[in-house]
Structure formats: structure tokens, C-alpha cells
Amino acid sequence: MVGMGDNQRVPATVTRRATSDPVLDAAVDLARAAAQEVAEPGQVGGHVGFVLEQDRLGTHHFTCLVPGYRGWVWSVTLARVPRSRTATVCEVVLVPGEEALLAPEWVPWSERLRPGDLGIGDLLPTAADDDRLEPGWLASDDEEADRLAFVELGLGRPRVLSFLGRVEAAERWWEGDFGPHSPMAQAAPAGCSSCGFMVPMAGALRAAFGVCANTYSPADGRVVALDYGCGGHSEAALVPGSRPSDAPRIDEVGFDVVRARPDPEHGSVSETEPVEDLGHS
Ligand code: SF4
């Protein structure tokens, strides 16, 4: 007899999971027949293996011979009721194996979009909470833009560029083809800031950018960094070149070079004889 205070711990009931199921394991032919019923003729290959998912529930795998599905397997799940020796088919599916070719993870179109993707007639809706924009009636940190917005009141720009939108645009233009790091800018005699073809911009961005209005420049009509520049600089003829010019290069592949006057160190003509100009005998 056990009195109060002599309580003893009751051992927990331990449910052991089965590690094998000979009935399901042996039902390969049943599983194969189920897969062949779903697949087209000749699309079910050899038996790959059996996995016991849990008690009385297991899956047989067969090689998939469907063209274009290399590495996939037919997966046939079987089950049986307790104390039964009859396996039944639960489902047949095609699943990717370890070496299966899979499509890349889907990416929404809004994240796939790249600069330059917008074509003629395309519409690109801007999200209502796009961080690059803010309501036009909000005062921004750009005084000149605010003044313009005030002038525009009633003309209706519901949203204007936000601080983030300006920063992103400035970074893009600065690092782009018309920024100071481009090869053209590196070889230019001077920057756009001193060029007569540079049209200043309005707003806060004018401190670093302008618009090129030189029809001969590759930047004509484009936003240029003030540190960008090209050979069409209005004062290019007055600005000293950035490096001395090399000797002229002549393509000698298509013809022979003939000296107009004899080489004093070679040939049979005496240095003491008077030299005649070409075209005279
Ligand atoms: S012509 Fe050349 S230097 Fe002048 S604004 Fe245009 S890009 Fe700049």
C-alpha cells in the first residue's frame, strides 16, 4: 500500500515509431501499377526506393521517363489500416528529385522591371505609396521646387518628387554615362559647369546637374553632371588639351611608303648632288 507522501512518478507512455513496414515495402508492383495508370505508356522507369513516412504510411519512388523531366520521380504513397496486410494507394504524384531541373523562383514583374524596359504604348502604374513621390501640397526641403509647386497650384500635379526620389535620381545620373566617371568625361578638356551649352536645371538638383544643349554632343538633350564634359565644350579651342598629341598614325598595310627625298644614309645618290623636287627631271 502506498500512503500520502509516497507518490511515485508514473512512467510516461512511450509510443515507438515503426522503422519498417514489410507489407508496404513489398507492395512495389501495386505502386508501379498505380503510377502507370496515371502516366503515359513508357513513362515509368525503375524502382528507386521506399521511404516509410510514418506508421503504416510509406512512399515508393520510380524513375520518371517523361521527356523534359530529367531528375524527377514518380512518387506513389501507400497506406494500410492497423493489423491489415493489404496496402492501398493514397496518391500518385510527380516530384522533383535532387538533380531535377526546376524553374527559377518566380519574381513579380514589378521587381523584374529594368531601366529601358518601358516600350511604346506600355503603361507603368506607380504604387500609391511609392517612396519616390510625395503629395504635391506637402512642403518639401527643396525651396525652389516648393515655389514652383505653388505657382503650379491649380494646374494639378498631385504628386511631386520626394527627397528619396531626388537622391536616387542624382545617384543614377552621377554614376551613369553622363556622370564624371564616364570615359568621355575623363578625356574632356573641361567640365560642363564652364560650358556655354549647359542649361541650368531648376530645384535642388541644379547644384550638381544641368542639361546639355549642344547638338554635336552625345549628351545633347540629356541631364549631365556639372563635372561631366565632352570635346564639344564651348571653350574647347581655348582650353589647353589634357595631353600632348601623338605623332600621326598612318595605315601602311595597303601601300608602300616611298620617301619624297632620298635617305641621306642609304641609296646611290651622292649627298653632294643637288636634289630635285618630285615632278621635275
Ligand atoms: S557640350 Fe559637352 S561640355 Fe558642354 S554641356 Fe554638353 S556635354 Fe557638357
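Computed from the coordinates by the stated procedures, all read-outs in this text should not be read as laboratory data. It should be emphasised that the depicted structure is a prediction, and the values quoted were computed from it without experimental measurement. Counting neighbours? That spans all protein chains shown, and the Cβs are built from the backbone with ideal geometry, glycine included.
Tabulated data
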read-out: Value of Rg/Rh across segment 16-105 [Cα atoms, Kirkwood radius]; value: 1.01
read-out: Cα-centre dipole for segment 22-96 with unit charges at Cβ (Lys and Arg positive, Asp and Glu negative), debye to 20; value: 160
read-out: Full-stretch length increase - Val81, Leu113 - with 0.36 nm per residue and alpha-carbon distance subtracted; value: 6.2 nm
read-out: Length-normalised contact order for segment 167-225 - Cα pairs under 8 Å, 6+ apart - percent; value: 31
read-out: Lys/Arg +1, Asp/Glu -1 at C-beta; segment 167-225 dipole; positive extreme among Ala219, Met198, Ala187; value: Met198
read-out: Contour excess over end-to-end distance, with Cα ends at Tyr216 and Glu91 and 0.36 nm allotted per residue; value: 37.9 nm
read-out: Rounded to the nearest 20 debye, dipole of segment 78-121 from Cβ charges on Lys, Arg, Asp, Glu; value: 440
read-out: Additional length obtainable on full extension of the chain from Val48 to Arg206, 0.36 nm per residue less Cα span; value: 50.0 nm
